[in-house]
Every structure is written in structure tokens, then in C-alpha cells.
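Data first, discussion second: the structure below is written as C-alpha cells.
The values are calculated or read from the model by the stated rules, or taken from the named source; none is laboratory data. Computed from a predicted structure; not experimentally measured. Glycine gets a Cβ as well: all are built from the backbone with ideal geometry, and neighbour counts include every protein chain shown. Please note that ligands, DNA and RNA were not included when accessible areas were found on the heavy atoms of the full protein model with its side chains. Shrake-Rupley method; radii C 1.70, N 1.55, O 1.52, S 1.80 Å.
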Amino acid sequence: MDWDNARIFLAIGRAGTLRGAAALLRIDQATCGRRLAALETSLGARLFLRTPSGYVATPAGELALAAAEAMERAADQLQREMQGVDNRLSGLVRVATTDSMASHFVMAAMQRLHAAHPDIRIVLQVAPQLASLTRREADLAVRAVRPLAPDLISRHLVRRHLGLYASPAYLAERGEPVRGTALAGHDIVIYHQSITARHADKIAGEPVAKARVAMEVNSAMMLQEAARAGIGIAELGVHLGEIDPQLVRIWPDRAEPYDVWLVMHEDLSRSARVRAAADAIIASVGNAKPAAGNDKMPR
């Protein structure tokens, strides 16, 4: 199997269409079609059924997908290992995080990194979904989920808290919710279930069974904007809500904790530019201390 053809084949299998695969790989759709045809010819088998809903793998295609995924893992491992022994403070570093973490401290870390090492090119990826470090979607990630994969190493950065916030106008019109009533009589703004499924049950530890969902969003910044606009009550990081003059905290004595982690693939822990980026992020969280037994990232 030619790897160039195999990676296009993998993208078609994941996207389900030539157009989707072309978008994933940033190539044109015609190239995807030609490469798939070349791969089918070289293997002497039909790999996909073309259906109205997209490309569906044949039994031969399912076998080929497994082989192509093994090739992808080997290629990714080779790239990580080569980057891991790179001592140059130059080149590309991909950092993945959320919009709220980016605006709160990651951007300051990237400014620190650029000032110290201007030849390092930063690619900052901001999205609510977790980027795959194993598949090289990012080199570093700052996230609120501790990794479980054995090939990922992590450092605990800081413990934050979540609280409930609403605009002064909303509270003047609707009043403050009563504890223990599952936010009865109130509107709430929550994450899409694909982002944070627990919001369908609770926000900041308070059940929401009797609340009306006024809006669903896929970003922390939009959660904050919706609360400012008076659309409903939202769960926000206390470190962000407390400095926002357009928001009022509900039940200040209630706070739900969460932890922020810096994560990288073990193979990249020896890369000079990745380590420099990690050090900048650690330095940008002034009060970050490793959690006992959880700090696996070498210094």
C-alpha cells in the first residue's frame, strides 16, 4: 500500500465523502478520487460502495482500513520520535485548548514563548473538542480532562471553580433562583450535549430538571456572552465571572471545582521547541502547582 494513497483512503473512510476527505487533507476532490481509484486498482479490490448517503466500506475496505490505520500509527510514531530528539528552538508547535483558557492565560504564554524564541511558529487550535495528541492533531494541549492514555504525560496546572452567573437585568426581572428547586421558573444557557453532556442534568452542581433551556452553545465565550445578554443563567469559571462587570454571581458560597492539565505525548517530551512551549504555559499560570501523584511531565 502506498502511504500517500492510504492516507487519502483513510480520510474518505472517516469523512464518508470525497468532498469531506478533501477538506480534511486540504487537497482537491479530484485528487481524492484519483488516488482511491489507484489504490483499488493496485489492490485489485473494491474498497467502498458509493451510496446516496456517502462512501461505505466493503469487507475488503474494512480490512484495508485496519491496515491503513496501522500504517498511520507507525508514521505518526516515527514523526513524534524524530521531533522528540530535535534540539532546535525553531519550527512548528501546535497548541490545542479552549477559547476561555486561550484568552485567560494561554495567549499570554504564547506571547512569552514568541518573545523568547521568535523562530518557533505557533499554531493555536481553539475548539471545545479534545484534540488527539496521539494522531498529531496537536503537540500540546491545555484541557480540563486528565488523560488516561499511557503514552500521554501530563502536568497539573491549577484548580479552578465553576459558579452560576446571570446579568443584572435578568435577575431584576426574574429574581434569584431558590436553592433545591432545580432552577424552576428560570432560563438557562448550556453547552451542546456533544461538548458537555452533564449540562443536561446539572450546572455548577444544581439540578436543571425544572429549568427551561433557552440556548445551547459550543464555546465558553458564547456561554458568557449569552449570560451577559440576559438570555439565561450560565455556569462559568469563577476566575472569569468575577472580573466581568456585566454579570452577577448567584449563590457565591457554591463552587464546583475542576482541574486544568497540560498534556503532551511522551515522544515529544524531549523536543526543545515543545518543551519551550510547555514551560511558557507553566510559567503563565503563576499559582500552578503539581497535584500530588499526578505530575508526570518531566521538567
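Screening region 1-118 for helices (runs of 4 or more DSSP H) wholly inside it with 2 or more residues that are within 30 Å of Ala283 (Cβ to Cβ) and among the small types (Gly, Ala, Ser) returns the ranges 107-116. Could you please find all residues in region 236-257 being in a strand (DSSP E or B) and either at pLDDT below 95 or of a type in the set (A, V, I, L, M) (or both)? Scanning region 236-257 gives Leu236, Gly237, Val248, Ile250, Glu256, Pro257. If you check Val178, Val208 for being over 30 Å from Arg7 (Cα atoms), touching a His at 6+ places or on another chain (Cβ under 9 Å) and free of Cβ contacts under 8 Å to residues at least 60 places away in the same chain, only one passes: Val208.
Picking from residues in region 258-281 that are assigned to a helix (DSSP H, G or I) and open to solvent by less than 10 Å² (accessible area, probe 1.4 Å), the one that is modelled with the lowest pLDDT is Leu268. Entry remark, region 150-174: residues being in a loop (DSSP other than H, G, I, E, B) and either surrounded by fewer than 21 Cβ atoms within 10 Å (Cβ to Cβ) or in contact with a strand residue (DSSP E or B) (Cβ under 6 Å, 6 or more places away or on another chain) (or both) number 2 in total. Within region 93-116, the set of residues being open to solvent by 50 Å² or more (accessible area, probe 1.4 Å) and either touching a residue at least 60 places away in the same chain (Cβ under 8 Å) or farther than 20 Å from Leu223 by Cβ (or both) comprises Arg94, Ser103, His104, Ala108, Gln111, Arg112, His114, Ala115, Ala116.
Note on region 123-149: residues that are closer than 19 Å to Glu256 by Cβ and either open to solvent by less than 40 Å² (accessible area, probe 1.4 Å) or of a type in the set (Lys, Arg) (or both) total 2.
Pairs are defined by a Cβ separation below 8 Å, a sequence spacing of at least 6 or placement on different chains, a first member in region 182-200 that is at positive phi, and a second member that is among the basic types (Lys, Arg) and part of a loop (DSSP other than H, G, I, E, B); the pairs so defined are Ala182/Lys210; Leu183/Lys210; Gly185/Lys210. Among residues that are charged (D, E, K, R) and open to solvent by 50 Å² or more (accessible area, probe 1.4 Å), Arg80 is not included. Of the candidates Arg19, Arg26, Arg50, Arg88, the single residue that is open to solvent by 60 Å² or more (accessible area, probe 1.4 Å), under 18 Å from Gln125 (Cβ atoms) and either over 21 Å from the mean Cα position of the chain (by Cα) or modelled with pLDDT under 90 (or both) is Arg26.
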